[in-house]
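Take a look at the structure set out below.
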Amino acid sequence: MKLGRYIRQIPIIGEDGQKKLMKAKVLVVGAGGLGSPVIAYLAAAGIGRLGIVDGDVVEEHNLQRQIIHAGNVGMNKAESAKKFVEMLNPDVEVIAYPFNIDPSNVLEIVREYDVVVSCPDNFSTRLLLNDACKILRKPMVHAAIFGFEGEAMTIVDTPCYRCLYTTFPKIEEEISTAIMGFTAGFFGCIQASEVIKIVLGKDVLKGRLLRVDLQTMEFFEIEVSTNPNCPICSGELKNIYPENYEGECKVVRMD
């Protein structure tokens with residue numbers, strides 16, 4: 001086991017902490033604006049296995065914020081991210097899933113990892129990951145961004161993402177969001193830090209939604225309580241059904 005690469009962080013987390021990171025298996029869903037810094041900093045820290053899911057290809061306009069894809073326009077983002085990680089840190093095992101996560105494959109993929117990082121750009125995928133992680137009892141690190149603003153929360157047991165938001169826009173009403181590149185970088189770094197703290201057994205943003213406006217530099221922390229009517233936290237939902245992620249993504253089937 002080579003520890004020299006991590007000599008600047010070992011005084012903080014210790015050799016035992018580093019060994020925990022090197023044994024950890026983390027799934028990053030979305031290798032875009034949020035996923036780029038998450039992938040970069042988790043790989044640099046020495047996470048043992050990184051799974052990267054993304055069915056999109058790199059486009060020129062992505063490079064304003066998706067910095068790990070430099071020089072790879074036209075390549076699948078999961079494959080591009082894998083190439084980046086292999087160059088940055090050969091210690092890390094990388095598994096690329098060059099397709100989108102969906103109700104047919106989410107449980108199979110999530111089951112193989114210790115922590116899930118939610119970096120998609122749509123509500124339906126966030127909800128799908130939330131529900132799969134709850135069913136499989138996996139922690140999930142959430143973030144979402146817009147313009148100069150964003151939010152982050154770590155879901156461990158309860159409350160969950162459906163407790164945080166009870167209604168969602170219809171899928172067809174979702175639009176691409178305008179975003180400053182550094183906003184994605186800022187919140188992606190928060191997600192990476194939350195993952196590392198989970199692996200090391202430290203306190204995380206459980207039941208606490210962190211919201212930040214980088215234009216005004218205002219930081220807000222909102223306590224989130226478990227929704228007594230949440231079908232996910234109640235344990236009623238025991239499987240993934242496609243109809244729960246259509247339209248307004250209401251849980252219409254639980255059996």
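Bear in mind that the values in this text are calculations on the coordinates, not laboratory data. Keep in mind it's a predicted model, so treat the numbers as computed, not measured. Positions of Cβ are backbone-derived with ideal geometry, glycine not excepted, and every protein chain shown enters the neighbour counts.
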Legend entry - the chain - charge dipole about Cα centre, Lys and Arg +1 at Cβ, Asp and Glu -1, debye rounded to 20: 1020 debye
Inset, instruction - Quick one: dipole size for the range 70-143, taken about the Cα centre, charges +1 on Lys/Arg Cβ and -1 on Asp/Glu Cβ, in debye to the nearest 20. - result: 200 debye
Inset, instruction - Name the cysteines of the chain that stand alone by the Cβ rule: no other cysteine Cβ under 4.7 angstrom. - result: CYS119, CYS133, CYS160, CYS163, CYS189, CYS249
Inset, instruction - Find the percent of Cα-Cα distances in the range 113-255 that exceed 21 Å, and round it to a whole number. - result: 42 percent
Inset, instruction - Using the Cα centre as the reference, give the magnitude of the dipole from point charges on the C-beta atoms of the range 124-242 (Lys, Arg: +1; Asp, Glu: -1; all else neutral), rounded to the nearest 20 debye. - result: 540 debye
Inset, instruction - Please name which of GLY207, GLY181, SER118 has its Cα lying farthest along the dipole of the range 100-255 towards the positive end, using unit charges on Cβ (Lys, Arg +1; Asp, Glu -1) and the Cα centre as origin. - result: GLY207
Inset, instruction - Among SER80, PRO231, ILE145, flag the residue with its Cα farthest along the positive direction of the charge dipole of the chain, charges on Cβ as +1 for Lys/Arg and -1 for Asp/Glu. - result: SER80
Inset, instruction - Taking the chain as the reference, fit the longest principal axis to its C-alpha atoms, fit the long axis of helix 35-45 to the helix C-alpha atoms, and give the angle between the two in degrees, 0 to 90, nearest 10. - result: 40 degrees
Legend entry - Listed residues LYS77, LYS202, LYS20, most fluctuating in the chain (Gaussian network, C-alpha, under 10 Å): LYS202
Legend entry - Rounded tilt (10° steps) of 181-200 against the dominant C-alpha axis of the chain: 90 degrees
Legend entry - MRE, 222 nm, helices only [DSSP H, n ≥ 4, -39500 (n - 2.57), over the chain, to nearest 500]: -9500 deg cm²/dmol
Inset, instruction - Report, to the nearest 10°, how far helix 10-23 tilts away from the longest principal axis of the Cα atoms in the chain, using its own Cα long axis and a range of 0 to 90°. - result: 70 degrees
Legend entry - Tensor-based shape of the chain (alpha-carbon gyration tensor, a/c under 1.5 rounded, otherwise prolate or oblate): rounded
Legend entry - Local electrostatic count at LYS134 - Lys and Arg +1, Asp and Glu -1, tallied over other residues with Cβ under 12 Å: +1
Inset, instruction - Name the residue, out of ILE101, ILE222, ILE67, whose mean-square fluctuation peaks in a Gaussian network model built on the chain with Cα pairs under 10 Å. - result: ILE222
